[in-house]
Amino acid sequence: TPKRMNDKIYIILKKSNKPMHFADIADHINRINFDQRKAFPATIHNELILDKKYILVGRGIYALQEWGYEPGVVSDVIADILLKTDIPLYKKDLIERVLKKRLIKKTTITLALMNKKRFTKDEKGRYCLVK
């Protein structure tokens, strides 16, 4: 029997085995009825923000870090991919790889790639990190 709201959140995410929106997590907690305390979406969101074991992977959607998700904004994810591959990548390939790590729109990735301080294109149109 979980005592704290954080424990309830962890149990819900662990049992669902997939990322969830914070409002859905609150609904699940209230439906399961761990105790008489009602879970409010704002409370759940605050708990998710404060604990490093939860990673924001989309708009209001959180996952467990133990599932392999890494913290950071979209440009951090892109930079990490480019560092690990160590070769320039075409936009299509970058988008595919980022979408495996985040639940976001393709336009968000394209927007992040426009950051000229972090990313540059080579003569073939492939993206790499600014040195």
- Task: Would you mind checking the tilt of helix 74-85 against the longest principal axis of the Cα atoms of the chain, expressed as 0 to 90 degrees and rounded to 10?
- Result: 60 degrees
- Task: Could you compute the FRET efficiency for Ile32 and Val73, with r as their C-beta to C-beta distance and R0 at 35 Å, rounded to 0.05?
- Result: 0.60
- Say we join alpha carbon atoms closer than 10 Å with springs in a Gaussian network model of the chain; which of Ile32, Ile49, Ile81 then has the biggest fluctuation? Ile32
- Item | Per residue accessible area in Å² of the chain, where ligands, DNA and RNA are left out and the probe is 1.4 Å | 65 Å²
- Using amide H atoms built 1.01 Å from N in the peptide plane, name the residues 5+ places from Tyr62, or on other chains, whose amide H lies under 5 Å from its own. Met20, His21, Phe22, Val57
- Item | Spacing of the two label points (7 Å from each Cα toward its C-beta) at Lys84 and Ala42, in nm | 3.8 nm
- Task: Quick one: among Val73, Val98, Val57, which has the greatest mean-square fluctuation in a GNM of the chain with alpha-carbon springs under 10 angstrom?
- Result: Val73
- Query: Any idea how far apart Asp122 and Thr108 come out in nm if each label point goes 7 Å out from Cα toward Cβ?
  - Reply: 2.9 nm
- Message: Restricting to Cα pairs below 8 Å that are 6+ residues apart, what does the relative contact order work out to for the chain? Please round to a whole percent.
- Response: 19 percent
- Query: From the phi of every residue in region 109-117, what ³J(HN,Hα) in whole Hz does the Karplus formula 6.51 cos²θ - 1.76 cosθ + 1.60 yield, where θ is phi - 60° and glycine or proline is x?
  - Reply: 5, 4, 4, 5, 5, 6, 6, 5, 6
- Query: Cα centroid distance between region 96-113 and region 48-84, in Å?
  - Reply: 12 Å
- Item | Anchor Lys101: aspartates and glutamates whose Cα lies under 17 Å away (excluding residues fewer than 8 positions away in-chain) | Glu66, Glu70, Asp76, Asp80, Asp93
- First compute the accessible area of the chain with a 1.4 Å probe, then give the percent of it belonging to carbon and sulfur atoms. 55 percent
- Relative to the longest principal Cα axis of the chain, at what angle does helix 22-32 sit, 0 to 90 degrees, rounded to 10? 30 degrees
- Item | Fluctuation leader among Leu113, Leu94, Leu50 - the chain, Gaussian network, Cα springs under 10 angstrom | Leu50
- Longest principal axis of the chain (C-alpha) makes with the long axis of helix 41-50 (C-alpha) an angle, in degrees to the nearest 10, of 60 degrees
- Once every DSSP H run of n ≥ 4 in the chain is given -39500 (n - 2.57) and the sum is divided by its residues, what mean residue ellipticity at 222 nm do you get, rounded to the nearest 500 deg cm²/dmol? -14000 deg cm²/dmol
- Task: Putting +1 on Lys and Arg Cβ atoms and -1 on Asp and Glu Cβ atoms, find which of Ile104, Met20, Gln65 reaches farthest to the positive end of the dipole of the chain.
- Result: Ile104
- Message: Give me the percent relative contact order of region 18-82, please, defined on Cα pairs under 8 angstrom at least 6 residues apart.
- Response: 31 percent
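The values are calculated or read from the model by the stated rules, or taken from the named source; none is laboratory data. Since this is a predicted model, take the numbers as computed values, not measurements. Every residue, glycine as well, gets a Cβ built from its backbone with ideal geometry; the counts of neighbours run over all protein chains shown. Note: areas computed on protein heavy atoms with side chains; ligands, DNA, RNA excluded. Shrake-Rupley method; radii C 1.70, N 1.55, O 1.52, S 1.80 Å.
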